[in-house]
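The values are calculated or read from the model by the stated rules, or taken from the named source; none is laboratory data. Just so it is clear, the structure is predicted and the values come from calculations on it, not from any experiment. Counting neighbours? That spans all protein chains shown, and the Cβs are built from the backbone with ideal geometry, glycine included. To get the accessible areas, we keep the full protein, side chains included, count just its heavy atoms, and leave off ligands, DNA and RNA. Shrake-Rupley method; radii C 1.70, N 1.55, O 1.52, S 1.80 Å.
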Amino acid sequence: MHYTAAQLKHPIFKIMQQAADELGVEAYAVGGFVRDLILERPSKDIDFVCVGSGIELATKAASIIDPKLHVSVFKNFGTAHFRWNDWDFEFVGARKESYQRDSRKPIVEEGTLEDDQNRRDFTINALAISMNAASYGKLVDPFNGVQDMEDKIIRTPLDPDITFSDDPLRMMRAIRFATQLGFTIHTDTLASIKKNAERISIISQERITDELNKIILARTPSIGFILLEETGLLKRILPEMQNLKGVENYEGKGHKDNFYHTLQVLDNITKTTNDLWLRWAAILHDIAKPPTKKFVPGEGWTFHGHEVLGSKWVPNIFRRLKLPLGNEMKFVRKMVYLHLRPIALTKEEISDSALRRLLFEAGDDIESLLMLCEADITSKNRDKVRRYLMKFEIVREKLKEVEEKDRVRNFQPPVSGELIMETFGIQPCKEVGIIKDEIKEAVLEGKIRNDYEEAYAMMLELGTKLGLQKKE
Ligand code: ATP
Ligand code: MG
């Protein structure tokens, strides 16, 4: 098969032809770009491989574009990179790799195009397109990658036991591509992942988490998690999630399988948000159900306090997975902690103070919380889901009304700690906290309005009760 100049639209290709022929080296576009070209997926970067020095090829190509264009050279790796018009171009010399058992670091030697294709992870990632004039546009597909794309199959080019044992990260990549592309992992390849799963332990957490996040950001992340579970990878990278799987029966009563429920919530939320952290909140919302599970006669299965315990686990899970510990973690922790609250509001007569409290605690994240709760409504009974969603609309409306009336969402108590200290001529002490807290409670309970005058009066009253005196 041959690609024509019209199909290889980007101006870089003509430049590559000139550069390769002037240097007299074989050069190819390879890997992800070729795969995505065939699958008609967009790309923003292209990798080039040459049988010779990738650094020289990069320097030559850049000088044809613009002698001033900056090329980053990584001598130790024999690679080079430049950016041009928002596209990234990577250059590397064709290589042959050999691995030792307990390391990801291969011994690298110069090699042929064939050697280079052999070391790639999957048949669909091992395609190359020639850049040299004599064979320009020729597709080199030694492992029938095109056929595998047609059949939607992920498969390693060599014996999968060798490919995965050489670099166990490829097991995560297999599942990631299956999830992103909606492909099936070939039986032999899948069996080999099961067999080699424990080798994931030699891979750095950052790289594992990178792949995991790509799975989570795919259109149907559950595909990836089901594969992670099935292959034995999940229990090694996120054992808390593995523990959600399974149903216990007591006196003929079972509960839902919280693993599949969680995946349903994750797929649901994926339809309404691209935000990685809200998707993480969906993954972790019920994470502490196993240790809080109890069978209560007359009531059935209960998971009291799972939202509190789960939110306490979030920092540890984030730390272990090397996920960011700043606002992202705090957001997820808060979502897990609050995830039952909006649903609780559908069950009773809704009081304004309950609504105000939720608005106050959720703050600017109220919309995300409501999205999570809607995603959390899962049941095989379609009618039940519809009824819940309707009740939920009412909660949404009421929250809006209360917010418009009372403005408690970004609530700052109408009197500050400084004002309290100044008024009574005191230093920071526990009385200041007591007064502030009681005023906040009174506003949320609706005993006073969210208003300076009323709060000021209440402050004086509380001060007197506590034996403080207004400074003249
Ligand atoms: P994406 O850019 O969407 O992550 P990609 O396939 O381009 O997908 P990259 O990590 O950019 O992935 O890698 C580019 C190419 O390098 C791949 O297509 C593959 O041929 C090769 N490659 C990357 N990582 C590995 C690996 N761990 N083992 C073998 N080959 C790899
Ligand atoms: Mg890429």
**Report entry** Restricting segment 249-266 to residues that are of a type outside the set (D, E, K, R) and assigned to a strand (DSSP E or B), the residue that is nearest to G224 (Cα to Cα)
**Finding:** G254
Report task. Give the residues of segment 5-63 that are within 16 Å of ligand 1 (Cβ to nearest atom), on the phi > 0 side of the Ramachandran plot and without any contact (Cβ under 8 Å) to a residue 60 or more places away in the chain, sorted by residue number. Result -> E40
Query raised in the report: Does T231 satisfy being open to solvent by less than 20 Å² (accessible area, probe 1.4 Å), over 26 Å from V265 (Cα atoms) and not assigned by TED's automatic domain parsing to the domain that holds E97?
Result: no
Query raised in the report: Can you find even one residue in segment 94-110 that is closer than 14 Å to Y28 by Cβ and open to solvent by less than 70 Å² (accessible area, probe 1.4 Å)?
Result: yes
Report summary line: The condition of being modelled with pLDDT of 95 or more and within 28 Å of the chain's Cα centre (by Cα) holds, among K152, K138, only for K152
**Report entry** Matching residues, segment 294-324, being assigned to a loop (DSSP other than H, G, I, E, B) and open to solvent by less than 80 Å² (accessible area, probe 1.4 Å)
**Finding:** F303, G305, L321, L323, P324
Report task. Looking only at segment 64-80, decide whether some residue is outside any strand (DSSP E or B) and in contact with a Gly (Cβ under 6 Å, 6 or more places away or on another chain). Result -> yes
Query raised in the report: If we scan segment 159-171, do we find a residue that is small (G, A, S), buried (at least 20 other Cβ atoms within 10 Å of the Cβ) and in contact (Cβ under 8 Å) with a residue 24 or more places away in the chain?
Result: no
Query - Hits in segment 121-156 (condition: open to solvent by 40 Å² or more (accessible area, probe 1.4 Å) and closer than 30 Å to G224 by Cβ) - result: D141, P142, F143, N144, Q147, E150, D151, K152, R155
Query raised in the report: For segment 410-427, does any single residue satisfy the condition of being open to solvent by 80 Å² or more (accessible area, probe 1.4 Å) and under 22 Å from P342 (Cβ atoms)?
Result: yes
Requested in this report: Quick one: count up the residues across segment 196-206 that are buried (at least 16 other Cβ atoms within 10 Å of the Cβ) and either in a helix (DSSP H, G or I) or of a type in the set (D, E, K, R) (or both).
Outcome: 4
Query raised in the report: Right, I185: out of contact with any Pro (no Cβ under 8 Å at 6 or more places or on another chain), β-branched (V, I, T) and within 30 Å of L284 (Cβ to Cβ) or not?
Result: yes
Query raised in the report: Could you count how many residues in segment 3-60 are assigned to a loop (DSSP other than H, G, I, E, B), within 16 Å of ligand 2 (Cβ to nearest atom) and aliphatic (A, V, I, L, M)?
Result: 1
Report summary line: All conditions in (1) at pLDDT 95 or above; (2) open to solvent by less than 50 Å² (accessible area, probe 1.4 Å); (3) touching a Leu at 6+ places or on another chain (Cβ under 7 Å) are true of E26 except (2)
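Okay, residues lined up against (1) surrounded by fewer than 22 Cβ atoms within 10 Å (Cβ to Cβ); (2) among the hydrophobic types (A, V, I, L, M, F, W, C); (3) out of contact with any Ser or Thr (no Cβ under 8 Å at 6 or more places or on another chain); (4) over 26 Å from F177 (Cα atoms):
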| residue | (1), (2), (3), (4) |
| --- | --- |
| R236 | yes, no, no, no |
| N243 | yes, no, yes, no |
| D257 | yes, no, yes, yes |
| K271 | yes, no, yes, no |
| N274 | yes, no, yes, no |
| D286 | no, no, no, yes |
